[in-house]
1. Output wanted: per-residue J couplings in Hz (rounded whole) for the stretch A:32-47, from phi through Karplus 6.51 cos²θ - 1.76 cosθ + 1.60, θ = phi - 60°, x for Gly and Pro.
2. So how do B:156-169, A:21-34 stack up, highest first, on mean other-Cβ count within 10 Å?
3. Mind checking how much accessible area A and B bury in total, 1.4 Å probe, in Å² rounded to 100?
4. Taking beta carbons within 10 Å but only from partner chains, what does the mean come to for residues B:26-36?
5. Once each part is reduced to its C-alpha centroid, what is the distance from the stretch A:20-79 to the stretch A:104-175 in angstrom?
Amino acid sequence: MAQDATKRFYAEIWPHAAMLLRAARLLSGDADDLVQETLLKAFKAIDSLDSDTNARPWLLTILRNTRIDQLRRPGRESTDIDLDQLADDSGSPAANWQHPQEMLEAFSDQQVIDALKKLPEEIRWTLLLVDVQGIDHAEAAAVLGIPAGTVKSRAFRGRAMLREILAPAPQISPD
Amino acid sequence: MATQNPHDPQDGLDLATSARLAKLRSTPVDMSRLQQFVAREIPRRRTRLMLRPVLALAASIVLMIGGTLAFFAFSSRPAMASPVEMAQLYNDVVSGKASNMAVHSVDEANRMLASNDQAMPNMPAEQVMACCMSKVHNKRVACLVLNDQANPIIVTVTKAADMDMPDCQRSANGVNMIMSQRGGKAICVMGKVPVERLRQVAAEIK
């Protein structure tokens, strides 16, 4: 039985390890620690994964739950923001992004990652699943435990917030 | 939200942002700590396994036996391996024609191929799972098998003096391959994956 679990782990879960590590880098300062915990949990729960099921959303759900557990540990202060309190801000107006593709390409991957890390955790998760991982809204909603419509609106707001962090709109003087 | 219109400035901006984030999907990551952790906590049995279909490749490597590479020229001059022959090598490895051993990293592969004077090139391979070594007609060819999302990619290394392998991109029988020479080694990266993915792997080889 243990041998079967080990075989299944290397065949069905390990191929997704790099994907998990990339995702964890957007969430935590110690991405390796987060993914190590996630993989161990996945190994212990592997009997709950059907062989026909796509392991990716299953693993991302475990990653998310592991992350939530980490944030709840004593001594870990949540710096997250209540999303309902966020002003409905579309971020920098489109007019400030004359050539959006070229402008966005000019930022390095590390700059984009650093900007993502400044977003509220739930917004970051939404962009991680929908844009970075390319998961559809329904599947992302299942991982996050929210309606698909909420995923869409958070993704839209999150992208706007990201742009504002990368290239803040110039402040207009009151004079 | 209504269907996005790329010509609408706001929608176009949103699409461009989404596309920029999508590129983070392929940023390189260092798997070495994770590989060591998993190897320690969830050890694989080191048995000689027959290579099974694609999903089982995560647990296996191929020990190349001389005859499998008999197509290489018997000569003191460099051998010339055609794309068809390299594709056959790829198919022989993935179809399970040889017995296997498992490794978790390039370092481990090099240790297992200790008698090989063709040390595997350094690469932050994400899914290193197997290595193999063959000596055919006195020409050594080392193979590294990577499990790339269940589509195996094979990196072969041999002395440039032993194998004529000009820098080129080829394809044969559904197997794409990128060949190059660097640091006195002839390297071929091949698999039934898009050429762009092979280029990404090749770019990680140091």
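1. 3J(HN,Hα) across the stretch A:32-47, in whole Hz: 4, 4, 4, 6, 4, 4, 4, 5, 5, 5, 5, 4, 5, 9, 5, 5.
2. A:21-34, B:156-169
3. 4100
4. Counting Cβ atoms of other protein chains within 10 Å of each residue's Cβ and averaging gives 5.
5. Taking the Cα centre of the stretch A:104-175 as reference, the centre of the stretch A:20-79 is 20 Å away.
The values are calculated or read from the model by the stated rules, or taken from the named source; none is laboratory data. Keep in mind the model is a prediction, meaning the values are calculated, not measured. Cβ atoms come from the backbone with ideal geometry, glycine included; neighbour counts cover every protein chain shown. Surface accessibility is based on the protein's heavy atoms, side chains included, excluding ligands, DNA and RNA. Shrake-Rupley method; radii C 1.70, N 1.55, O 1.52, S 1.80 Å.
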